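Worksheet for the structure shown next.
The values are calculated or read from the model by the stated rules, or taken from the named source; none is laboratory data. Note that the structure is predicted; figures quoted are calculated from it, not measured. Cβ placement follows ideal geometry from the backbone for every residue including glycine, while neighbour counts extend to all protein chains displayed. Ligands, DNA and RNA are excluded from the accessible area calculation, which covers all protein heavy atoms including side chains. Shrake-Rupley method; radii C 1.70, N 1.55, O 1.52, S 1.80 Å.
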Amino acid sequence: MNILKPTKLITTAILFLIFSNSLFGQKDSTRLVELDRYWDKYVQAVKEGDFEGLKSLYHNDAVLVKAASVIRTSIPIDMALAEWKEGIDNTKKGKQIDEVEFRFSQRIGNETTAHETGIFMFTSIDNYSKVKIKYLVHFEMLMIRESDGWHALMEHQKSDSTQEEWDALN
C-alpha cells in the first residue's frame, strides 16, 4: 500500500491551495475587469445623456429600491428610467451636465453573479455652472452576467452618505 508521508501530504496540500487560489484569483480578476467596464459604461451613459445606453445596463425585469429618498419604495426599472428621462435628455441636449461616480466597499461574485456595494455621487450642473443637485448615496447593485454582458437586477439606494464616508472609500 502506497501511503504519502506527512511531508509529501503537506507539500501536496500546499501546492493544491496555491494552484486553486491562483485559479480563483484569475477568475475574480476577470470578473472585476468586466464589472469595471460596466461601471465605465454607466458613467459614460450618464455623462452623455445616453438614455438607451443606460437602459441597456439593466435587466428588463430590474428593480430600483429607493430607501434613501423621502418616499421609500421599490419600482420597476422602467418606471425609474421614466423618472430620470427628462434629466438624461436635458444632458444630451446640453441643457445640463450630469455626472456620476462610484466607489466600492465590497465586491462579491463569481463568473455569472455579482453584488457590488459602495457609494455613488451624482451631480447635476445647470447652464450657469450652478450645482442643481449633488447627492451621495450608499448603494448595492445585484447583477447577473448574460451572453451580452453584465446587467443589473436590483439597484438598492440604501441611505444618504456623507462626504467623509465618500472620502474614506478613495
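Within segment 122-132, is even one residue closer than 17 Å to Val65 by Cβ and of a type in the set (Gly, Ala, Ser)?
no
Mind telling me which of the residues Ile14, Ile3 ends up being open to solvent by 50 Å² or more (accessible area, probe 1.4 Å), in a loop (DSSP other than H, G, I, E, B) and at pLDDT below 95? Steps first, answer last, please.
Working: Ile14 fails: in a loop (DSSP other than H, G, I, E, B).
Of Ile14, Ile3, the one residue that is open to solvent by 50 Å² or more (accessible area, probe 1.4 Å), in a loop (DSSP other than H, G, I, E, B) and at pLDDT below 95 is Ile3.
When you check Arg37 against the structure, is it outside any strand (DSSP E or B) and not hydroxyl-bearing (Ser, Thr, Tyr), yes or no? Reasoning before the result, please.
Details: outside any strand (DSSP E or B): yes; not hydroxyl-bearing (Ser, Thr, Tyr): yes.
The answer is yes for Arg37.
Return a yes/no flag: does segment 116-125 have any residue that is in a strand (DSSP E or B), among the acidic types (Asp, Glu) and surrounded by fewer than 16 Cβ atoms within 10 Å (Cβ to Cβ). Before you say what the answer is, go through the steps one by one.
Of the residues in segment 116-125, the ones in a strand (DSSP E or B) are 116-125.
Still in the list and also among the acidic types (Asp, Glu): 116.
Applying the additional criterion that residues be surrounded by fewer than 16 Cβ atoms within 10 Å (Cβ to Cβ) yields none.
Checked segment 116-125: no residue is in a strand (DSSP E or B), among the acidic types (Asp, Glu) and surrounded by fewer than 16 Cβ atoms within 10 Å (Cβ to Cβ).
For segment 147-170, name all the residues that are touching a residue at least 40 places away in the same chain (Cβ under 8 Å) and open to solvent by 40 Å² or more (accessible area, probe 1.4 Å).
Filtering segment 147-170 for residues touching a residue at least 40 places away in the same chain (Cβ under 8 Å) gives 149-161, 165-166, 169-170.
Across segment 147-170, the qualifying residues are Leu153, Met154, His156, Lys158, Ser159, Asp160, Glu165, Leu169, Asn170.
Per-residue answers, yes or no, for (1) of a type in the set (Lys, Arg); (2) loosely packed, with under 15 Cβ neighbours inside 10 Å; (3) at pLDDT below 95; (4) closer than 16 Å to Phe122 by Cβ:
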position	(1), (2), (3), (4)
Lys47	yes, yes, no, yes
His59	no, no, no, no
Val65	no, no, no, no
Arg72	yes, yes, yes, no
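Could you say which residue among Asp78, Asp40 is surrounded by fewer than 15 Cβ atoms within 10 Å (Cβ to Cβ), within 13 Å of the chain's Cα centre (by Cα), among the charged types (D, E, K, R) and under 22 Å from Ile144 (Cα atoms)? Step through it out loud before you land on a result.
On the way: Asp78 fails: within 13 Å of the chain's Cα centre (by Cα).
Going through Asp78, Asp40 in turn, the sole match is Asp40.
Which numbered condition in (1) touching a residue at least 12 places away in the same chain (Cβ under 8 Å); (2) outside any strand (DSSP E or B); (3) of a type in the set (A, V, I, L, M) is the only one that Val70 fails?
Every listed condition holds for Val70 apart from (1).
Out of segment 86-112, which residues are open to solvent by less than 70 Å² (accessible area, probe 1.4 Å) and under 11 Å from the mean Cα position of the chain (by Cα)?
Phe102, Arg103, Phe104, Arg107
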